[in-house]
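Here the structure is laid out as structure tokens; the discussion comes afterwards.
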Amino acid sequence: MSERAIGRSVLDTVGGIPLFLTAPLYRRWHLRWGATDEEVHARMPGDEIVADASFTATRAITINAAPEQVWPWIVQIGYRRAGFYTYDLLDNAGYPSATTILPQYQHVQTGDRMPMAKTVTDTTAFTVTAFDTGSWLLWEKPDSTWAWQLIPRDRGRTRLISRLRQRYRWQTPGPALLTVVLLEFGDYPMMRRLLTGIKGRAEHKKDGRRTDTATNPPPGHEHDAADS
């Protein structure tokens, strides 16, 4: 990365610090950011796998692009793959998240890994458990599932819903405490950026515009992005 790119990444991360620090204060609100009551209470793939979840977040956003135009941006997510379209300094070793569709990650198969860190283990990577191309995708790792659902809407739009379920396993206090800190403080800021990042990329790609600009809404406008 160039010095200028590193500087932008640092400033971007610093700007997100208030969200990280204050997330527990509005937990009930952000656990359903952008989602309707119906979406929050509806069943999604994998709900039964972590039936006694300690943390359940259902979030949603409307994207002005068809499901088949949104799907590619989801399946390529991962550390040193496409990144996570969020704070690259925190979740992608400072490498910029992809602004193009990466063909090498488009052929999803059950058992594929979605790495969250450099060292890939059962606890640092999700595994593709099941999927229906362009419709839904389920990732799983011990004590956790991450489901995606793409619902077609009128005028070629997509309602994108994400649900993360996590069980805090207090039999191993150290890892459990780390998971609590990461999710209770970090999950909302990261997921907000991830969803708006997918939205920006899919819409710009659909319109034939460059996806390396305006891939996230300006600060303070995330609610508009979720509802539009």
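The values are calculated or read from the model by the stated rules, or taken from the named source; none is laboratory data. This structure is a prediction, so every number in the text was calculated from the model and none was measured. Cβ atoms come from the backbone with ideal geometry, glycine included; neighbour counts cover every protein chain shown. What goes into the accessible areas is simple: the full protein's heavy atoms, side chains included, and nothing from ligands, DNA or RNA. Shrake-Rupley method; radii C 1.70, N 1.55, O 1.52, S 1.80 Å.
General observations
- Among residues of the range 96-127 being among the small types (Gly, Ala, Ser) and assigned to a loop (DSSP other than H, G, I, E, B), the one that is farthest from residue 85 (Cα to Cα) is 111.
- Across the range 103-125, the qualifying residues are those that are more than 21 Å from residue 67 (Cβ to Cβ) and of a type in the set (Val, Ile, Thr), and the one among them that is surrounded by the fewest Cβ atoms within 10 Å (Cβ to Cβ) is 119.
- Scan of the range 17-31 for residues that are touching a residue at least 12 places away in the same chain (Cβ under 8 Å) and open to solvent by 80 Å² or more (accessible area, probe 1.4 Å), ordered by number: 21
- The residue pairs whose first member lies in the range 68-95 and is part of a helix (DSSP H, G or I) and modelled with pLDDT of 95 or more, whose second member is surrounded by fewer than 21 Cβ atoms within 10 Å (Cβ to Cβ) and aromatic (Phe, Trp, Tyr), and whose beta carbons are closer than 8 Å, counting only pairs six or more residues apart or on different chains, are 75/105.
- Remark: residue 128 matches the filter, which requires a residue to be within 18 Å of the chain's Cα centre (by Cα), free of Cβ contacts under 8 Å to residues at least 24 places away in the same chain and open to solvent by less than 60 Å² (accessible area, probe 1.4 Å).
- Residues located in the range 50-63, provided they are at pLDDT 95 or above and either open to solvent by 60 Å² or more (accessible area, probe 1.4 Å) or closer than 21 Å to residue 186 by Cα (or both): 50, 53, 54, 55, 56, 57, 58, 59, 60, 61
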